Amino acid sequence: MRYVSTRGEAAPRDFEGVLLAGLAEDGGLFLPETWPVLTTAEWRALRGLPYPDLAARIMALFTGGTPSEGELRTLLAEAYAGFGHPAVCPLVQLDARVFALELFHGPTLAFKDMAMQALGRLFDVTLKRRGERVTIVGATSGDTGSAAIEACRDRAAVDVVILHPEGRTSEVQRRQMTTVLSPNIANLALQGSFDDCQDLVKAMFADAPFREEMRLAAVNSINWARVALQIPYYVAAALALGAPDREVAFSVPTGNFGNVLAAWAARRMGLPITQLIVGSNRNDILTRFLSANDMTVRAVEPSLSPSMDIQVSSNFERLLFELLGRDARATRDTMLRFRTEGRMPVTDAAWRDAAQLFRGFALDDEGTLEEIGRLWRDCGYLADPHTAIGTAAAMAVPPSDRSIPVVVAATAHPAKFPDAVRKATGIAPPLPARLADLYERPERFTRLPAKLDAVETFVRAHARRNAA
Ligand SMILES: *Cc1c(COP(=O)(O)O)cnc(C)c1O
């Protein structure tokens, strides 16, 4: 299995190469050179497997033997052993045709753990085999950072520096990052937005000498391995609801487009997914794109669903590459114009293709609180603000065939966003026992301006200290 860059100027790599590289040298994102496609019989044969085994079968299609399916099975069994639910990601029925796929039973209570717990172990296995070490730098609007820190704490071959926008994450999110005091973990609170943090991470990767010196690696969803690790749960949910002999739709609360891209990949692999519903908060660039081919960047506005307070969805580039018939030059030109002009010039044909499969739906904070209240009253279900946007979207723009079930990606535990849930329902969702003392633990982080030289200086000092 080989991987190519969406911008066409980086050398193709194998799975481990892509895992360690993150972003391609040409600024593009890696995708499989050809997609594995399963037959109906092959999908049927996957029914009923325990989740880690199913995930190993799917991941083996992308690793090309390194790691092998056997190694993956062990690694994934370990990754999901600490989850708070024996099914790993249970499917909960909300009404006649809407289901919640609960992806938040991992250590940091958000769906990022589904990929990250395995990614940390993939890094370990791969680096050990090669006798190498890496420095992971990542930007987070809240959940990626804590999931990465939790997955990499105390791992010998990995240093981690996570950038978060100061004051823009929830207190639970911040504490989940800053209370991990392992020597290989550092947190930077930046004076800026999430997009500023993400730009700084991209700039560090674009700084070739720095990237080489630090052996930078990425755990944001620009890393293909992370997207790949999100495909199995869409497969599991679809199979549980009758696929490949029945069609399903998914509704995914979306920020960087990584989670919904994994659903798209499952469809590309032959799973009968009729529709992908993209939910956003007031930062509605994707909804504007899908309704009117208007992908214009606006200022990021804070909301009750901070993990979706994003304007530039980095993973959209992967879909764009596919929409443009895998034309890397056209993808590169489109992305460069997007960067300079603030508006993505997507061809009409490509936009029509996207709008046929994807539906967009945006909900403001008031609507989000109403939806959390409705779910509690009507279904006895406590949902966090991100998940509520997903359920509202599933109700608002359902598939035209009403017999098709819609699975909502439930991306965070309600206790991760207790203020919004309490406001909407009067109920304060308790943290699971393993996190009950989170508010008492000491924190450690460093404040910095959103400036490349300051951040690089910090990363260099942190990585040196641990390598020595
Ligand atoms: C990260 C996150 C999202 C957005 O996922 P993307 O892959 O960035 O689209 C949605 N909800 C929660 C709770 C998240 O942590």
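Bear in mind that the values in this text are calculations on the coordinates, not laboratory data. Fair warning: this is a prediction, and the values are worked out from it, not measured in the lab. Here the Cβ positions follow ideal geometry from the backbone for every residue, glycine too, while neighbour counts run over all protein chains shown.
Quick check on the chain: helices-only [θ] at 222 nm, where DSSP H runs of length 4 and up contribute -39,500 (n - 2.57) each and the sum goes over total residues. Nearest 500, please.
It comes out at -14000 deg cm²/dmol, rounded to the nearest 500.
Considering all alpha-carbon pairs of segment 205-278, what whole percent are spaced by more than 17 angstrom?
50
Could you work out Rg/(2.2 N^0.38 Å) for segment 139-269, with Rg from alpha carbons only?
Ratio of Cα Rg to 2.2 N^0.38 Å: 1.21.
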> In a shell of Cβ-Cβ distance under 12 Å around Arg282, excluding Arg282 itself, what net charge do Lys and Arg (+1) and Asp and Glu (-1) give?
Replying inline: -4
> According to the Cα gyration tensor, what semi-axes, each the square root of 5 times an eigenvalue, does the equivalent ellipsoid of segment 94-198 have, listed from largest to smallest in whole Å?
Replying inline: 25, 20, 11
> What order do you get for 31-40, 112-121 when each peptide is scored by the mean count of other beta carbon atoms within 10 Å, highest first?
Replying inline: 112-121, 31-40
> What nm distance separates the two modelled labels at Lys423 and Arg460, each placed 7 Å from Cα along Cα→Cβ?
Replying inline: 4.3
>> Give the average over all directions of the projected area of the C-alpha convex hull of the chain, one decimal, in nm².
In response: 19.7
> Which value, in debye to the nearest 20, gives the size of the charge dipole of segment 108-227 about its Cα centre, when Lys and Arg are +1 and Asp and Glu are -1 at the Cβ?
Replying inline: 460
>> Return the Rg/Rh ratio of segment 253-340 with Cα-based radii and a Kirkwood Rh.
In response: 0.97
> For segment 27-135, what is the convex hull (Cα atoms) projected area averaged across all directions, in square nanometres?
Replying inline: 9.6
>> Just want to confirm a number: the relative contact order over the chain, from Cα pairs under 8 angstrom separated by 6+ residues, in percent.
In response: 19
> Given the Cα-Cα distance of Ala203 and Arg130 and 0.36 nm per residue of separation, how much length would full extension add, in nm?
Replying inline: 23.6 nm
> If you place +1 on the Cβ of every Lys and Arg and -1 on the Cβ of every Asp and Glu, how big does the dipole about the Cα centre of segment 163-281 come out, in debye to the nearest 20?
Replying inline: 300
> For the pair Thr340 and Glu370, how long in nm is the line joining their label points, each one 7 Å along Cα→Cβ?
Replying inline: 4.4
> Taking the simple approach of a point 7 Å from Cα along Cα-to-Cβ for both Phe210 and Glu69, what is their distance in nm?
Replying inline: 4.3
>> Let's test the formula: R0 of 35 Å, r as the Cβ-Cβ distance of Asp401 and Thr296. What FRET efficiency results, to the nearest 0.05?
In response: 0.60
>> Let's test the formula: R0 of 45 Å, r as the Cβ-Cβ distance of Arg329 and Arg153. What FRET efficiency results, to the nearest 0.05?
In response: 0.60
> Which whole-number percentage describes the relative contact order of segment 1-44, with Cα contacts under 8 Å and a sequence gap of 6 or more?
Replying inline: 41
> Counting Lys and Arg as +1 and Asp and Glu as -1, each charge on the Cβ, what is the dipole of the chain about the Cα centre in debye, to the nearest 20?
Replying inline: 540
> Say R0 is 45 Å: what FRET efficiency, to the nearest 0.05, do Cys379 and Asp437 get from their beta-carbon distance?
Replying inline: 0.90
> Taking only C-alpha pairs under 8 Å that are 6+ residues apart, what is the relative contact order of segment 48-116 in percent?
Replying inline: 22
> What does the highest-first list of 407-418, 332-343 look like by mean Cβ count within 10 Å?
Replying inline: 407-418, 332-343
> Expressed as a whole percent, how much of the Cα-Cα distance distribution for segment 237-286 exceeds 16 Å?
Replying inline: 40
